Structures are given as structure tokens and as C-alpha cells.
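Heads up, the thing below is written out as C-alpha cells.
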Amino acid sequence: MLGKRLTELRKGKHLTQEQFSSLINVSRATYAQYEIDRRQPDYETLQNIANFYNVSTDYLLGRTHEVIGETLISYNDPTEKIKAAITSDPELAEFWEELSQREDLQLMFKQTRDLSPQSIKKVIKIIKAIEDEESEE
């Protein structure tokens, strides 16, 4: 059941296995094994997948047939979407904790709701590079 759900969700987002596997920080070969039910993701990876698709882990595991993730994990708050996008990078996640408190960047955070997780990660990396450069001066 997990493999079928993963395949449907990935194709629904028009992503290749290569693209999606890089978003959740696993190899394409490992991810392909998930889709054919030859391998199971660990808990953290399963959570990352559920967060990305905005569904519950119960839905991914076939415990429910209702796609109710939209009511469980709301990305109306753009900071949650950012957190989900960078959760696989501890350095960025730590930087995000500091950055999320800055009022001068709140408008930018709201603009992320239309970006892909990969694009969000790039934006946070760029901000970090600028911040690092400014702190060196």
C-alpha cells in the first residue's frame, strides 16, 4: 500500500524519483525500493514524506483511505512549510530557528507558500550565505 501511495503522490506533483528522493535526502535507488514495497522508510523519512505531501502517516501506510492531511498539517502558516523543506539539513534547520524570529523577514516567509520545498531550501541557503558574509565584515 505504501508504495502505491508514494507513486501516486509523487506523480501527482509531477516529480521524478530522482527529484523527490533528493528532497527527502535518500538515494534514488532507496526511494525506488519504497515505491515497489521492497523496503520501508525509517520513521523520520516517513514523517518528511508525509509533511511534504501534506498527508498523514496513516494515509501513507494505508490505515486510512481519506486524504485528511490538509486538515492535520496546515501550510497556511508558511513557516511550517519552510520547516518541512529544510528538516533534512540540520545546519539550515538551526539557522531557520534564528531567522524565523526576525520581523523584517515575515513578508518574505509568506511568499514561500507557492514555492517548492527545493526552492525554499535554496532561498534559505542564500539568506544564510548573505548573513554569514555580513557577519564577517
Please go through region 80-137 and give me each residue that is at pLDDT below 75, assigned to a loop (DSSP other than H, G, I, E, B) and surrounded by 15 or more Cβ atoms within 10 Å (Cβ to Cβ), ordered by number.
Leu115, Ser116
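Kindly provide the set of residues from region 38-79 that are small (Gly, Ala, Ser) and either part of a helix (DSSP H, G or I) or at pLDDT 90 or above (or both), ordered by number.
Of all residues in region 38-79, those small (Gly, Ala, Ser) come to 50, 56, 62, 69, 74.
Result: Ala50, Gly69.
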Just one of (1) at pLDDT 90 or above; (2) within 23 Å of Lys128 (Cβ to Cβ) trips up Ala32, so point out which.
(2)
Within region 1-37, which residues are assigned to a loop (DSSP other than H, G, I, E, B), in contact (Cβ under 8 Å) with a residue 24 or more places away in the chain and surrounded by fewer than 17 Cβ atoms within 10 Å (Cβ to Cβ)?
Met1, Lys13, Asn25, Ile36, Asp37
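The values are calculated or read from the model by the stated rules, or taken from the named source; none is laboratory data. In this text, all values refer to a predicted model and were calculated from it rather than measured experimentally. Please note: Cβ atoms are built from the backbone with ideal geometry, for glycine as well, and neighbour counts cover all protein chains shown.
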